[in-house]
Amino acid sequence: MQAKEFYPIGITGKKWQDAEYQLWRNQTSVKRNYQQEVVTKIHALADRFKVEQYGALSYDSERYPLFCIKSNSWESNKPVVLITGGVHGYETSGVHGALQFVDTQMENYSRYFNIIVAPCISPWGYETINRWNPLAIDPNRSFFTDSPAEESANLIKLVNTIGQAILVHFDLHETTDTDETEFRPALAARDGADFTPGTIPDGFYTVGNSENPQSNFQAAVIQSVSLVTHIAPADKDGKIIGSQVTQEGVINYPMVKLGLCGGVANCTYSTTTEVYPDSSKVTAEQCNQAQVAAIKGGLDYVLTKI
Ligand SMILES: [Zn+2]
């Protein structure tokens, strides 16, 4: 298949050069407002939690400040939990699910854990409904030293300031129909590769770390989410998005090797949630609730282990 047939930018089999990157950048536009929809919600939590700015995106540092929200009762004898959302800014329930967890659950779980939540890692992606940053870099393949994605570099810097080992990490994502219609074709075009169509699973799944799968922890997350929304079935090959299903609703990736956010904390219990927002069976509110249920299920499991 020729590149021009599956994506409007680029030449068949040729990696994008500066001109194509510029064309891509030029066709992005602001579609929703980070300050109004996200920052306002974060500030509203400041009377109950510590809200700190940990950086800003250089594309527009006034428009894109980066915030984290921390437990008030931070004590060195409690294990640390990291929750990240909006690494892919277009994955809406990652952002609003993280904020909903803070609003409805964080006081309770802060009795047992020091919790730090970075609800929107990629605010430019949030506003333009994009997977990549303005340089057409995927922040969720960029969690490594000297990262070219400032979204990732800022989070790495924040993690390094915590000063305590992180025990649990939830990285909140979605798998959307636009992954197949826009973002995967764009990736193939950018890299001068062929585009092989895939399928988007109908339902929730998690991605564990293949180097430390923690299958009982993943199962607890799936069990909790299954009370809110349906779990993605394996396809006819026993796979979800090309990876072997290891138990209901769970696949594993080598998190650190792939530069995924799920590897940033290098911790004992890590899961990447994948909510499916385009199902006819779910509402946006249920997607947020699924993210909250995933965190609750995982934390309740960890509480039985510590
Ligand atoms: Zn994602």
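The values are calculated or read from the model by the stated rules, or taken from the named source; none is laboratory data. Predicted, not measured: the structure shown is a model, and the values here were computed from it. Neighbour counts run over all protein chains shown; Cβ positions are idealised from the backbone, glycine included. Accessible surface areas use protein heavy atoms only, side chains included; no ligands, DNA or RNA. Shrake-Rupley method; radii C 1.70, N 1.55, O 1.52, S 1.80 Å.
Things worth noting here:
- Converting phi to 3J(HN,Hα) with the Karplus coefficients 6.51, -1.76 and 1.60 and the offset θ = phi - 60°, segment 59-64 yields 4, 6, 5, 6, 7, 10 Hz in sequence order, with x at every glycine or proline.
- Residue 85 long-range amide H proximity, modeled H, under 5 Å: 118, 120, 121, 172
- The share of accessible area on segment 100-194 that comes from carbon and sulfur is 52 percent, using a 1.4 angstrom probe.
- Percent accessible area from carbon and sulfur atoms, segment 12-96, protein chains only, probe 1.4 Å: 46 percent
- Whether segment 205-306 is rounded, prolate or oblate, judged on the alpha carbon gyration tensor where a/c under 1.5 counts as rounded: oblate
- Accessible area per residue, Å², segment 114-171 with all protein chains present, probe 1.4 Å: 30 Å²
- With contributions of -39500 (n - 2.57) from each DSSP H run of at least four residues, the per-residue ellipticity at 222 nm computed over the chain stands at -9000 deg cm²/dmol.
- The largest accessible area among 303, 227, 135, 260 belongs to the first residue in 227, 135, 303, 260, and the rest follow in falling order (1.4 Å probe, all chains).
- The overall shape of segment 30-121 is prolate: from the C-alpha gyration tensor, with semi-axes ordered a ≥ b ≥ c, the ratio a/c is 1.5 or greater and a/b exceeds b/c.
- Surrounding net charge for residue 135, when Lys and Arg each add one and Asp and Glu each subtract one, Cβ distance under 12 Å: -2
- Applying the Karplus relation 6.51 cos²θ - 1.76 cosθ + 1.60 with θ = phi - 60° to segment 66-71 yields 3J(HN,Hα) values of 10, 10, 10, 10, 10, 4 Hz, where x marks Gly and Pro.
- Between the alpha-carbon centres of segment 242-269 and segment 109-154 there is a gap of 17 Å.
- Distant-in-sequence amide H partners of residue 192 (H built 1.01 Å from N, under 5 Å): 16
- Rounded to the nearest Hz, the phi-derived 3J(HN,Hα) couplings of segment 248-259 under the Karplus curve 6.51 cos²θ - 1.76 cosθ + 1.60 (θ = phi - 60°) are 3, x, 10, 10, 10, 10, x, 4, 6, 4, 8, x, where x marks glycine and proline.
- Judged by the gyration tensor of its Cα atoms, with axes a ≥ b ≥ c, segment 267-306 is prolate; a/c meets the 1.5 cut and a/b is the larger of a/b and b/c.
- Amide proton proximity set for residue 250, modelled H, under 5 Å, gap of 5+: 206
- Segment 26-64 and segment 163-209: distance between their alpha carbon centers, rounded to Å: 23 Å
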